[in-house]
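Enquirer: Let me give you the structure first, and then I'll get to my questions.
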Amino acid sequence: MKLITFLHAGKERAGVLSDKGILPFRGDPSLLSVIKAGVIPSFTGEALSPEDVRLLAPVPRPEGDIICLGMNFTDHTEEAARFDPVMLRENKAVYFSKRTVEATPPGGKIPAHRDLTRMLDYEAEVAFILGRDAAGVSPEEARDCVFGYTILNDVSARDLQTAHKQFYFGKSLDGFTPMGPCVVTADEFAYPPDIPIRCYVNGEKRQDGSTHQWVFSISDVLCELSRGMTLKSGTIISMGTPAGVGMGFSPPKYLQPGDTVRCEADGIGVLENTVE
Ligand code: MG
């Protein structure tokens, strides 16, 4: 099931993207509240045409920072370590957080923040969203914690990311979290998922990987983190990016105003944004 958040007649609503059109949830709950409840509500009976709505990020205002994995693809670890050895991962997962006041919708603009960075970069990723609280999760229980999957572009200012010892500032500027176009429920994928993900900049293919290449799996991450911290339902965890980001090229290929970044994940859809 593909779940979306959208604007219709000036109102933010959520529903299902189906063959019949968009089916809004009865009572107009937010998608985040649906995810946290873990139950898909009934529909209103109306079917809206996709032309009559404007998609928003499926979770436009996440609760809490997004949890991110760094260096979770071996090929990306190698290119990142060439850029700056500080990024080298040893045998432990790299976790960091990404503040997202408002996620950028499909088709939305990524601000270039030219006063702060000249090293604007993209990272196409598959993220998952928890459908229940996770504390002390066992490997057998991890799968049942996953509500669904979406595409997230972990936009990064490389100069800020490396200047401040921690990634936080360089990952968290306004507009740095394009997300969407939908959340696909976990039952539509095998577990662990094998979701191909690609990224194009101005039509040039830059990234081409799949989630089977994750060094640390969803089960690894949920078991490890939930041993010591409760992860609340609705938490978004972004699982890292494959090789081919701008900093990995020689010379680097950073994003410029006017560039279009298109992230695709099979079974989820397309997330395209333009830098301004
Ligand atoms: Mg990332």
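Enquirer: Considering only protein heavy atoms and a probe of 1.4 Å, how much of the accessible area of the range 135-274 is carbon and sulfur, as a whole percent? Working shown, then result.
Expert: On the way: 2640 of 5370 Å².
Carbon plus sulfur share of accessible area: 49 percent.
Enquirer: Along the charge dipole of the chain, pointing to its positive end and built from +1/-1 on Cβ of Lys, Arg, Asp and Glu, which listed residue (PHE216, ILE268, LEU32) has its Cα farthest out?
Expert: LEU32
Enquirer: Apply the Karplus curve 6.51 cos²θ - 1.76 cosθ + 1.60, θ = phi - 60°, to the phi angles in the range 89-98 and return the couplings in whole Hz, x for Gly and Pro.
Expert: 9, 9, 9, 10, 5, 9, 10, 8, 10, 9
Enquirer: Something else about it: Please give the charge dipole size of the chain, origin at the Cα centre, charges +1 on K and R Cβ atoms and -1 on D and E Cβ atoms. Round to the nearest 20 debye. Don't skip to the answer; put the middle values down first.
Expert: Numbers: 28 positive and 37 negative charges, 106 e Å.
Dipole of the chain, to the nearest 20 debye: 520 debye.
Enquirer: Across 10 Å bins from the origin, how do the percents of Cα pairs in the chain run, short distances first?
Expert: Per 10 Å bin, starting at 0, the Cα pair percentages come out as 7, 31, 37, 20, 5, 0.
Enquirer: I would also like to ask the following. Please give the Cα centre distance for the range 235-265 versus the range 65-129, rounded to the nearest Å.
Expert: 8
Enquirer: Something else now. Using Cα springs under 10 Å in a Gaussian network model of the chain, which residue among PRO252, PRO242, PRO58 shows the largest mean-square fluctuation?
Expert: Result: PRO252 has the largest fluctuation of those listed.
Enquirer: Leaving out ligands and nucleic acids, note down the accessible area per residue over the range 2-56 with a 1.4 angstrom probe, in whole Å².
Expert: In whole numbers, the range 2-56 has 52 Å² accessible per residue.
Enquirer: Tell me the per residue accessible area of the range 66-275 using a 1.4 Å probe; a whole number in Å² is fine. Let's see the in-between values first.
Expert: Details: 8380 Å² over 210 residues.
On a per-residue basis, the range 66-275 sits at 40 Å².
Enquirer: Please list, in order along the range 209-217, the HN-Hα scalar couplings obtained from phi with the Karplus expression 6.51 cos²θ - 1.76 cosθ + 1.60 (θ = phi - 60°), rounded to whole Hz, x for Gly and Pro.
Expert: With coefficients 6.51, -1.76 and 1.60, one gets x, 8, 5, 5, 8, 3, 5, 10, 7 Hz.
Enquirer: Here's something else I'd like to know. Between 0 and 90 degrees, rounded to the nearest ten: what's the tilt of helix 74-83 against the longest Cα principal axis of the chain?
Expert: That works out to roughly 50 degrees.
Enquirer: Can you compute the helix-only [θ] at 222 nm over the chain? Use -39500 (n - 2.57) per DSSP H run of at least 4 residues, normalise by all residues, nearest 500 deg cm²/dmol.
Expert: Details: 6 runs with 43 residues, N = 276.
Calculated from helices alone, the mean residue ellipticity at 222 nm is -4000 deg cm²/dmol.
Enquirer: Starting from the alpha-carbon convex hull of the range 2-56, give the projected area averaged over all orientations, in nm².
Expert: Values: hull surface 13.9 nm².
Over every viewing direction, the Cα hull of the range 2-56 projects on average to 3.5 nm².
Enquirer: Lysine pairs in the chain with Cα distance under 25 Å, only those 8 or more apart or on different chains: how many are there?
Expert: 27
Enquirer: Here's a follow-up. So which residue, out of THR260, THR117, THR241, gets the largest mean-square fluctuation from a GNM of the chain using Cα contacts under 10 Å as springs?
Expert: THR117
Enquirer: Counting Lys +1, Arg +1, Asp -1, Glu -1, what net charge surrounds THR274 among other residues with beta carbon under 9 Å of its beta carbon?
Expert: Details: positive: LYS109; negative: ASP259, GLU272, GLU276.
Net charge in that neighbourhood comes out at -2.
Enquirer: Choose one answer from THR77, THR211, THR230: the residue with the largest mean-square fluctuation in a GNM of the chain with alpha-carbon springs under 10 Å.
Expert: The residue that fluctuates most here is THR230.
The values are calculated or read from the model by the stated rules, or taken from the named source; none is laboratory data. Just so it is clear, the structure is predicted and the values come from calculations on it, not from any experiment. Cβ atoms come from the backbone with ideal geometry, glycine included; neighbour counts cover every protein chain shown. Protein only, heavy atoms only, side chains kept; ligands, DNA and RNA dropped before computing areas. Shrake-Rupley method; radii C 1.70, N 1.55, O 1.52, S 1.80 Å.
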